[in-house]
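S.K.: Structure below; questions to follow.
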Amino acid sequence: MNVRAIVAWTLYDFANSAFAAVIFATIYAAYYALAVVGNDGGAGDLWWGRVVSVSMGLVALTSPFLGGVADRAGIRKPLFIGFTAVAVTATALMATVEPGMVVWGFVLGVLGNFAYESALVYYNAYLPDLAPPSHQGRVSGWGFAVGYAGSIAALLAALPFVRTENYAGAFLATATLFAVFSLPAFFILPAAPSGGVPVLRAAREGGAQLMATARKILALPDLRRFLGAYFIYEDGVNTVVAFSGIFAAQTLGFPMERLIALYIVVQISALGGALAWARPTDVLGPRRVVMITLCQWAAIVVGAYFIQTQGQFWVLAVVAGTGLGAVQAASRAFLARLAPKGMEAELFGVYSLCGKSAAVMGPLVFGGISHAAGGNQRAGILAIGSFFVVGLALLSRVKSGGARRGSPRAEPSG
């Protein structure tokens, strides 16, 4: 294995986690909804929901074709660097967003999140080039762990600026971290082999491959039911993550610096949840673990509707964090159990696409209901519970994924 390249690759996870933590989940989300738009009547929720839905919708529409272009035309690294540069630039320009600049803040939010998610397509594609199959799990885990460290470091770097309400400084610090820790990946990661396929042809072939994979999935009942359920419940998870900071700041009066501390604790509890459920996923089977965690998520949103104090929200957030780590890890194991041999790579590509697409409806539902209810975020968060209930109902129809060792993979219907 190329140790230098692996270190550079994991440092990029450190870099881009600054965007995920500061921009998407906490400071910019709350600043845009509460200060830029104003959220007394739910308008901030509505606009932030649009930011998330539009950016993730663009990712869902473009990533299959962009992925095909990168692989077949041999331009993975230029696209990886280009999208990262756009995300960093958008993050830095967020320092220019002031109260009342709703459209400018919207444009930067959409552009930044779209570029951040698009760069991840090419970042993830490097893993098979860096490590043999026997080591890919641990290398992926190293990136995962370094990413958590990056989230915490970025929030701590932003904290001094937040304490003085210098949000522009917080966004510039985030952009700097993102840029600096991306540089090793830019210089050290190998260039993709030249594909020799024209860009337009590469895009067409990528789309054709996606359609062929979709037809294979439709022929596998358990697989299509799982991916349908995952698409629904992951939308609920993504929506809770996108709005939790805004909910804490407005409904419960969390100051920004306490919001940062809360997010750090949630990151730690998510890692703990993933580790705690690792063995039960093997013993009980991923299907049962995912269903348990979906019940947990449904209970969390009901609890969020009723809580009245910041102390209660701290407890609820820690419980939610454990569910976040568990449902992500168990869902990935569930797909690995269902994937027919020889289809693993293409199915994980579809799984990633579902995860990115599953942040379109939920934010619109939360924002729309909050706005219609005059800024009542409790009604919005309760509505998101339906995503977990529907996902649970769909998942109950999947027969595979139980505890029995060596359980058969999905078979074509017949």
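The values are calculated or read from the model by the stated rules, or taken from the named source; none is laboratory data. What you see is a predicted model, and the numbers here were worked out from it, not measured in a lab. Virtual Cβ from ideal backbone geometry, glycine too; neighbours counted across all protein chains shown. Note: accessible area is taken over every heavy atom of the protein model, side chains too, but ligands, DNA and RNA are not part of it. Shrake-Rupley method; radii C 1.70, N 1.55, O 1.52, S 1.80 Å.
S.K.: Kindly list, by first and then second residue, each pair from a residue in the range 174-191 that is at negative phi to a residue that is of a type in the set (Asp, Glu) and open to solvent by 80 Å² or more (accessible area, probe 1.4 Å), limited to pairs with Cβ atoms under 7 Å and residues at least 6 apart or on different chains.
M.R.: PRO190/ASP129
S.K.: Cβ-Cβ distance below 6 Å, separation of 6 or more or different chains: which pairs start in the range 199-228 with a residue that is in contact (Cβ under 8 Å) with a residue 40 or more places away in the chain and end on one that is part of a helix (DSSP H, G or I) and open to solvent by 80 Å² or more (accessible area, probe 1.4 Å)?
M.R.: Hits for this filter: ALA203/PHE65; GLY206/PHE65; GLY207/PHE65; ILE217/ARG224.
S.K.: Please tell me if VAL302 is farther than 17 Å from SER400 by Cα, outside any loop (DSSP other than H, G, I, E, B), among the β-branched types (Val, Ile, Thr) and open to solvent by 60 Å² or more (accessible area, probe 1.4 Å).
M.R.: yes
S.K.: Which condition number does VAL283 fail, the rest of (1) β-branched (Val, Ile, Thr); (2) assigned to a helix (DSSP H, G or I); (3) surrounded by 16 or more Cβ atoms within 10 Å (Cβ to Cβ) being met?
M.R.: It is condition (3) that VAL283 fails.
S.K.: Looking at (1) open to solvent by 40 Å² or more (accessible area, probe 1.4 Å); (2) among the hydroxyl-bearing types (Ser, Thr, Tyr); (3) at pLDDT 85 or above, which is the one condition that is false for SER194?
M.R.: (3)
S.K.: Given (1) in contact (Cβ under 8 Å) with a residue 60 or more places away in the chain; (2) surrounded by fewer than 24 Cβ atoms within 10 Å (Cβ to Cβ), where does PRO255 come up short, assuming only one miss?
M.R.: (1)
S.K.: Take LEU316 and decide whether it is touching a Gly at 6+ places or on another chain (Cβ under 6 Å), buried (at least 18 other Cβ atoms within 10 Å of the Cβ) and without any contact (Cβ under 8 Å) to a residue 24 or more places away in the chain.
M.R.: So LEU316 passes the test.
S.K.: Being within 18 Å of LYS356 (Cα to Cα) and of a type in the set (Gly, Ala, Ser) is the filter; apply it to the range 217-248 and report the residue that is surrounded by the fewest Cβ atoms within 10 Å (Cβ to Cβ).
M.R.: Here the answer is GLY228.
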